[in-house]
Structure formats: C-alpha cells, structure tokens
Amino acid sequence: MSRIGWIRAVSFSLVMVASIDVRPAQAQLDTRLSGYLEHQYSLTRVQDRWRQIDYDRFRADLNVRAGKGSRASVSVIYQLYRGDTRLESSDFLPDGIQFGQDSVLAVLTNRNYLNHAYVVLGSRLIEVTAGKQYLNWGAAWVFNPTELFRPKNALEPGYDREGIAALSVRFALGPMSELLVGFVPNGSIDQSGRVVRLRHHVAGFDVTGLVASISDESLLLKTVSSERRLVVGGDITGELLGLGVWSEGTWSRRGDQTWGELTVGGNYSLADGTLILVEAFFNGRGKSEGPYSAQAWLEKLSGTRRTLGNTTVVGMVRRSVGQLWTLGMVSLINPGDGSAVVIPSIAYSFAENVDLLFNGLLNLGGPGDEYGLDQIGGFLRGRIYF
Amino acid sequence: MDNLFVKMTRLSLFVVVALFFGPWTMNECVAQPTPEEILRRVDENMTIRTAQTKAVMTITYRGGDVRELEFNSWGVGTEKSFLEFVSPARDAGSRFLRLDDNMWIYLPRAGKSIRIQGHMLRQGLMGSDFSYGDASENPSMSEDYDAVIERSDTLSGRPSLVLYLTAKRKDVSYPSRRIWVDAERWVPLKEERYARSGKLLKTAHMSDVRELGDRWYPFRIDLNNALQSETQTTLQFIELDFNADVPDYIFTIRHLESGT
C-alpha cells in the first residue's frame, strides 16, 4: 500500500471511530466467565505403526459488556501434549513425498495463547472490532471457499478455531444486511489482507458477496506467501422445495494462475429426527485423479489448499439414539481416485455440562490416493464446561 | 302485605335459583361462539405485541436424567423473536433470531451464525422436544387455520371446547391440530399436532394459567414427541412482561452475532 493509501486508510478509521456513539457506559459491567477443560486421547495406526497423542486443553473465556455498543472478549488456551508428539512426514504424505530434508514434519509442543482477544466499540449503525477476532464466513458445512483466513479442519469442521488479528468495521444496512470492511495485518503492509463483504437478504435467501486481496498463510510453515491472491466470491443459502440448500463459491487469481472453488449442499431430515446432509465441493485447482504433485500435497498439509481432487463429496448422517446418545457418520469421498475417509462418531451427554465424544477414522484407498494413506484410528474426548 | 311477602319470597327464590344455576343458565342462553371467534379470542391471549421473558426449559429423559436450560427472550408480534441461553455453561451465549420465516443460530465458540432452514427446522431445539420449527412458526391460529368445533369437554377441571384445525397454507409446521380451549378464559389447555398423513407428532399440555392484565396466559407447557418416547420437555416461564419496551435493534443479525 502506498503512503497516501495508508494515510487514507488510517484517516478513514479515525473518522469512523469518531462517529461512534459516545453515550456514557452503563454503571454496571456485565461480565461473564466461561470455558472448559478438555482431555483427548488419540490412537492411530499409520502404515503398521501405532501412534498415540494425549493432550489436556483448558479454555477460559471472559466476556465483558461495558455499556451500549462496547464490549471486550478474550479467550485463553493452555494445551499440554504428551505421547508421540513428533509428526513424521510419513504420517501424512504418501511414499516418495517428503517435507524438506527431515522426516519430522513438526513437533507438537505445549502451547498457551490467546484464541481471540478483541474490543468492540460501536453504535447502532457502525461497529468497530479491533484485535484477534473470528472472520469465519460461508454457508457450507465442511468446505468454505469464502473462508480466507482460518480454514476448517475438514475431518472435524465444528471444532474451535483460532481467531485472526484484524481491524474490521461493520456497517448496519438493515436487520438482515450489513457491509464489512476488514484489514488483516500479516507480515508487511503489502502482505496484509483486505476484504470487503456485503451481506443481504433477498427473496427468502441470505446472499453475500465478497472481494478480498490476501497473502495466503501457511500455518505449518509459519510463512506468508509473497504473492497476492485476489478473491471474488460469495454464498447463498435458503430453502428450496422444503430442503435447506446452500452454495458458496470463489474465483481466485494469484500471479498468472486462476481457479474457482464451488460448494453446493443440502440437508434432509427424516421424521424420526435423523439428519442427512450432502455437500459437493469442486476445486478448480484439483485434479480429476492421481497422482498428485508434491507441491499439492504440501499445500494441502499446510492449509493453503482444501483438496487434491477436483471433486469431493461429503455425506453426513446423524441421529439421537436412546437417551443422551448421538450417533453420526461422516464420509469424505474423492470420486476421481475412488478414495474416501470415513468418520463414525458417538457422542454422549454424560451430565449437564459434560460431553464425551468418540471419533473414529478409517481411510479407504490405494497408495497415492487423496485418502489412500493406510490409516485407522480414532480419539476419545471428554470435556467439562464451566 | 301478604302480597308483598309473596312477591319477596318469589324474588328470593328467583335469586337463589339464579345464583345456583345462573352460570349454567346464562351459558345456555348465550350463543356458542363460532370456531373463528374462538381462534380469534385464543390469539388475543396467546399472541403478543411485545414481550420480554425469562424461562427454564427442562428436558426429562426416561432414565431419570434431567437437563435444564435457562434463557431470556424478546418478541414483537408474531414476526420477530430473539432468544439467548444463559445456562448451562455448555450452551450459555447461544442465541437465536427469528424474522418472519427466517431463523439463525449463533454459536459463540465458533464465532459464527448459521441459518436454520429446510429440514433442519425439524431438529430438536437444544436437544428438546421443541423443534426449531416450533420455535419459528407463526402462532396466529386464526390466520393460519380453519377450525371446526368437535365437542365440549372438561380438562383439568376446566370447561373446554375441542377444535380440529386444518391449515390454510402449506408452509405451516403442522397441517392439522386438535386443541382443547378453555371455554371461559380462551387459552389452549391441550394441543395435538399432526403430520399430513394424520399421524400424531406432538402433544402439548398447557397449565399454570395466570391472568396478566387483560389476558390469560399459560406459564407452563409440557411437550411430548410422539415419535420418540425418550424425552419430555417442560417450558416454564419465570418472568413474562407483555408490555416490555423491546427496541428494534434486538432483531438484527448484528445483535445476534454481538449480543450488544
């Protein structure tokens, strides 16, 4: 960004902050402390070798409402790992593809960090959020092309995600409409992300449009791409013939490379409460079948690429069984190479604030296929909320 | 004098008879309201102009386990409602917004709101027997249903009229219902909700009926899902203010996601 452009951006922010409602804060602070303690033990057999990882995770959330329009929120996480914490390349990559010179991909070390930490100042029309916040978008369940900053874990899309440091301004345009302008400092100013997102409600459908300029970040490599990516996209969600349906897509250009990503999906519920969800993801960067390049594998591993194949079908079935039990089955299928990963799950609400969850993991495919790694396992997780 | 005594005796006798049988006699004299009139009176009690409530939803499992969820809610008319769970800790901060037929849920730990649509509306609200569709349906009976009076009945000691309702529109949650309406207070005391096939889906019992200003309102609703016998859900209102000042900003996506 040029010096003049930067001055304009700062001036714009100052004008908006100056327009914030400065009514006196309510005398009484509304403060809420919550969180959970989680323990997880996972056991996985990868290519005839059993691996275990055991962790404790403590999360504490403090939310403060300090008067009309102003609030703060912070979440602290401590996570302690034990077991086979050295992640080998062979645990994630097919034979013949290695990450760097070392066979060790990464080492899980104890972490303590702020999952999010932001302050919000605002009026009814404008709201400014500064700090590590959630910029999670998109109507799709597993694959969200419009999520630019913290991609979901496709194998457990509902799990907590870390926020991203940003300055965002939301303009209210109506009860169901708003405009968001965001700046995501990352690396140099030129590498930082900028995004504009419009959300509206039209004829019973929620519709969003998004334009962004970002530098993709590799969470694994802890690096930020020097090449900018221009992204244009959006999503639409609503009801069609009684079914919940959604579609979400983007068109991206990075250097001389352009590609599109599109997700379409829908849900259906049987009379007994069984929920069936199907989603198809089309990745313009993917291949119709293997083998996939080393670069593609590494991009997927580092979170800058969602899939290797150009089509992925997601199916999910979930049903409450008996008292307090929920059974589920999720499958991600790559029709191109015929591989799939199957994730059965059993959840038990042990007590009002206690959850137990077992998730299995079974890969079905041949060597070199997207889900072809010889892998079977699962984890048992307990979580107590406070 | 004798004449006067006789007249007074007759008058006294008439008063005694009137006091004993008056209500019955008067009811017999007044024409029974039409089904449309009954639904209109029910709507006058049950639909809101504005409301602010605090309530506890108790889910009782067949094995004896109990889950209690406490929430605050705000509503305007039949079109707008907002609900925020305050306990238990697992669900605290989860919020729902309904605008007409559109419904969204905000999940605080994901930092994201999700639209609830289509068949997802059939899922249980926070694991209860109330579906998202129950929470999002328009409760104006007179606008949504045609009714016929089936019979008179007595329910929980209250004189009742049993009405069978058939939906005027296809997009309502239940194509038909049978309701027991208190014939004096005009509040529903029991309701059976049916699928298009005629299969019973849910049964609701309303009780703890209290007078609030110019209306009667049930403070307790017990709901049974006929398709699964594992749970029973009770909704008990703790506080109900039908003349609350409910600002418009509550019913916005912004408020759903920020809570302020």
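The values are calculated or read from the model by the stated rules, or taken from the named source; none is laboratory data. Quantities reported herein were computed from a predicted structural model and do not represent experimental measurements. Here the Cβ positions follow ideal geometry from the backbone for every residue, glycine too, while neighbour counts run over all protein chains shown.
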Inset, instruction - With the checklist (1) in a strand (DSSP E or B); (2) among the aromatic types (Phe, Trp, Tyr); (3) more than 30 Å from B:Tyr174 (Cβ to Cβ) in hand, flag the one item A:Trp246 doesn't pass. - result: (3)
Legend entry - Cβ pairs under 9 Å, 6+ apart, first in region B:219-234 and in contact (Cβ under 8 Å) with a residue 12 or more places away in the chain and away from chain A (no Cβ under 12 Å), second acidic (Asp, Glu) and in a loop (DSSP other than H, G, I, E, B): B:Leu223/B:Asp129; B:Asn224/B:Asp129; B:Thr233/B:Asp129
Legend entry - Subset of region B:226-246 [touching a Phe, Trp or Tyr at 6+ places or on another chain (Cβ under 9 Å) and more than 26 Å from B:Arg41 (Cα to Cα)]: B:Glu230, B:Thr231, B:Gln232, B:Thr233
Legend entry - Among (1) within 14 Å of another protein chain (Cβ to nearest Cβ); (2) in contact with a strand residue (DSSP E or B) (Cβ under 6 Å, 6 or more places away or on another chain); (3) assigned to a loop (DSSP other than H, G, I, E, B); (4) not charged (D, E, K, R) - the single one A:Trp137 does not satisfy: (2)
Legend entry - Total residues in region A:265-298, condition within 14 Å of chain B (Cβ to nearest Cβ) and either surrounded by fewer than 16 Cβ atoms within 10 Å (Cβ to Cβ) or more than 23 Å from the chain's Cα centre (by Cα) (or both): 9
Legend entry - Candidate set: region A:161-177, residues that are within 18 Å of A:Tyr118 (Cβ to Cβ) and of a type in the set (A, V, I, L, M); chosen: the one nearest to the other protein chains (Cβ to nearest Cβ): A:Ile164
Legend entry - Residue identified as at pLDDT 80 or above, under 26 Å from A:Ala130 (Cβ atoms) and surrounded by fewer than 16 Cβ atoms within 10 Å (Cβ to Cβ) among A:Leu14, A:Leu33: A:Leu33
Inset, instruction - Return the total of residues in region A:39-85 being within 30 Å of A:Ser103 (Cα to Cα) and within 14 Å of chain B (Cβ to nearest Cβ). - result: 2
Legend entry - Every residue from region B:161-182 that is modelled with pLDDT of 95 or more and farther than 18 Å from B:Gly198 by Cβ: B:Leu161, B:Trp180, B:Val181, B:Asp182
Legend entry - Criterion violated by A:Gly368 - all others in (1) modelled with pLDDT of 95 or more; (2) assigned to a loop (DSSP other than H, G, I, E, B) satisfied: (1)
Inset, instruction - Report those strands (runs of 3 or more DSSP E) wholly inside region A:30-98 carrying at least 2 residues which are touching a residue at least 24 places away in the same chain (Cβ under 8 Å). - result: A:30-46, A:49-65, A:71-83
Inset, instruction - Please specify each residue of region A:329-342 satisfying the condition of being surrounded by 18 or more Cβ atoms within 10 Å (Cβ to Cβ) and either in a strand (DSSP E or B) or out of contact with any strand residue (DSSP E or B) (no Cβ under 8 Å at 6 or more places or on another chain) (or both). - result: A:Val330, A:Leu332, A:Ile333, A:Asn334, A:Ser339, A:Ala340, A:Val341
Inset, instruction - Could you tell me whether region A:219-227 includes any residue that is modelled with pLDDT of 95 or more and either surrounded by fewer than 20 Cβ atoms within 10 Å (Cβ to Cβ) or in a loop (DSSP other than H, G, I, E, B) (or both)? - result: no
Inset, instruction - Residues being surrounded by fewer than 20 Cβ atoms within 10 Å (Cβ to Cβ) and under 21 Å from A:Arg253 (Cβ atoms): count how many of those fall in region A:190-215. - result: 9
Legend entry - Check on A:Asp235, closer than 21 Å to A:Gly315 by Cβ, exposed (fewer than 13 other Cβ atoms within 10 Å of the Cβ) and within 14 Å of another protein chain (Cβ to nearest Cβ): no
Legend entry - Verdict on B:Arg67 being out of contact with any Leu (no Cβ under 8 Å at 6 or more places or on another chain) and surrounded by fewer than 18 Cβ atoms within 10 Å (Cβ to Cβ): no
Inset, instruction - State yes or no: is A:Val278 touching a Phe, Trp or Tyr at 6+ places or on another chain (Cβ under 7 Å) and modelled with pLDDT of 95 or more? - result: no
